[in-house]
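Worksheet: the structure to be examined is printed underneath.
The values are calculated or read from the model by the stated rules, or taken from the named source; none is laboratory data. No experiment lies behind these values; they were computed from the predicted model shown. Here the Cβ positions follow ideal geometry from the backbone for every residue, glycine too, while neighbour counts run over all protein chains shown. Ligands, DNA and RNA are excluded from the accessible area calculation, which covers all protein heavy atoms including side chains. Shrake-Rupley method; radii C 1.70, N 1.55, O 1.52, S 1.80 Å.
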Amino acid sequence: MVKENGDVQLSYRLLLAVDIQGYSRRDTREQLRAQRLLTEALDGAARGVGLDRAAWDKQVGGDGELATLPEGVDPATVAGDFVILLDGALREVNRNAGRFRLRVRLSLHHGTLTAGPFGPAGDAPIVVQRLLDAAPLRRVLADDADRDLAYVVSDSLFDDVVRTGFCALPPRGFRAVRVAAKGAVFRGHILTGRAAAEDAGEEPGEGEGAGGPGSRSARVLDFPALALG
C-alpha cells in the first residue's frame with residue numbers, strides 16, 4: 001500500500017534492526033572483526049531464504065544497522081526461517097570466538113515509513129528501534145550467557161504473521177513485553193528459547209511436505225523462564 005502526499009511517498013514495509021551486544025567494550029580491531037562476522041552471518045541467513053541483502057535499504061552504524069526490506073518480501077520467511085538461520089550462523093561463529101563472542105539483538109516490525117535524507121522517517125523505524133533497545137531484550141542476553149541471539153517482533157507483526165502458522169517459529173515460543181520509552185509505550189513479543197530447525201541437517205524448504213521456506217517446521221529449545229517485566 002502506497003499513498004502520495006505531494007512529493008512524499010508513504011510505503012508499508014518490513015523493517016529489521018540489529019545490534020551487537022557489548023560492542024563498545026571491544027578495541028578497534030575487535031570492532032572491525034565483529035562487523036565483518038555479523039555482515040557474513042546476515043548475508044548467509046538472507047541467502048538461505050532466497051534474499052539478497054544488497055537490495056535492502058540499510059542505515060548502518062558501527063554496531064548494527066536498520067534495514068528496510070524491498071516490497072514483496074514474505075514477512076513470515078524473515079520472521080521465522082531467516083532468524084533460525086541467523087541463530088545457527090552465530091552459534092557457528094562462536095565455536096571459536098576467542099576473547100569476544102558475537103552476541104546480537106534483533107527486532108522486526110512492519111509499518112509505514114517514508115524515505116528521508118538521514119534514513120527512513122515515520123512510526124515504523126521508531127517502533128523497531130525502541131524494541132531493539134528495550135531493557136527486556138537486553139536482559140535476554142545478560143541473563144543467559146550461552147545465548148547468542150535475542151529476538152523480538154512488534155505486537156502487530158506477531159498478530160499478523162507469527163500467529164498465522166505460516167512462520168517457522170511457533171507463537172508459543174514468544175512472550176509478550178511492554179516497553180515505555182520517550183513518553184510512549186511499545187509492545188512486542190520476545191522469543192524465549194533458541195530457534196532451531198526440526199532437523200539439524202535440514203535446509204529451509206526441505207523435508208516431508210515442505211512448501212517453501214515458510215513451511216519448514218521448527219522447534220524452540222526452551223531455556224529457564226525469563227523475567228521480562
Residues of region 84-116 being in a loop (DSSP other than H, G, I, E, B) and in contact with a helix residue (DSSP H, G or I) (Cβ under 8 Å, 6 or more places away or on another chain), in sequence order, are Arg99, Phe100, Arg101, Leu102, Arg103
Kindly indicate whether any position in region 148-161 is aliphatic (A, V, I, L, M), farther than 18 Å from Asp19 by Cα and crowded, with 20+ Cβ neighbours inside 10 Å.
yes
So Gln59, is it within 19 Å of Arg130 (Cβ to Cβ) and open to solvent by 70 Å² or more (accessible area, probe 1.4 Å)
yes
Flagged in region 14-48 as over 18 Å from Asp148 (Cβ atoms), at pLDDT 95 or above and either open to solvent by 20 Å² or more (accessible area, probe 1.4 Å) or not hydrophobic (A, V, I, L, M, F, W, C) (or both), in numbering order, are Arg47
Taking the conditions exactly as written (closer than 23 Å to Ser156 by Cβ and charged (D, E, K, R)), does Asp57 satisfy them or not?
yes
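Scan region 175-195 residue by residue and report those that are open to solvent by 60 Å² or more (accessible area, probe 1.4 Å) and assigned to a strand (DSSP E or B).
Answer for region 175-195, where residues must be open to solvent by 60 Å² or more (accessible area, probe 1.4 Å) and assigned to a strand (DSSP E or B): Arg175, Ala176, Arg178, Ala180, Val185, Arg187, Arg194.
Can Ser11 be described as open to solvent by less than 50 Å² (accessible area, probe 1.4 Å) and among the hydroxyl-bearing types (Ser, Thr, Tyr)?
Yes; evaluated as a whole, the condition is true for this residue.
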Can you list residue pairs whose Cβ atoms sit under 9 Å apart, with the first residue in region 164-180 being under 13 Å from Leu131 (Cβ atoms) and in contact (Cβ under 8 Å) with a residue 40 or more places away in the chain and the second being part of a helix (DSSP H, G or I) and open to solvent by less than 80 Å² (accessible area, probe 1.4 Å)? Count only pairs 6 or more apart in sequence or on different chains.
Val177/Leu131; Val177/Pro136; Val177/Leu137; Val179/Arg130; Val179/Leu131; Val179/Ala135; Val179/Pro136; Val179/Leu137
Of the numbered conditions (1) open to solvent by less than 40 Å² (accessible area, probe 1.4 Å); (2) under 14 Å from Leu14 (Cα atoms); (3) in contact with a Phe, Trp or Tyr (Cβ under 9 Å, 6 or more places away or on another chain), Pro120 fails exactly one; give the number of that condition.
(3)
Could you go through region 89-102 and let me know if any residue there is at pLDDT 95 or above, farther than 16 Å from Asp63 by Cβ and of a type outside the set (S, T, N, Q).
yes
Those residues of region 84-98 which are in contact with an Asp or Glu (Cβ under 7 Å, 6 or more places away or on another chain) and open to solvent by 50 Å² or more (accessible area, probe 1.4 Å) amount to Arg91
Which condition number does Leu169 fail, the rest of (1) surrounded by 18 or more Cβ atoms within 10 Å (Cβ to Cβ); (2) out of contact with any helix residue (DSSP H, G or I) (no Cβ under 8 Å at 6 or more places or on another chain); (3) under 19 Å from Val18 (Cα atoms) being met?
(2)
Looking at this structure, is Asp52 exposed (fewer than 12 other Cβ atoms within 10 Å of the Cβ) and at pLDDT 95 or above?
yes
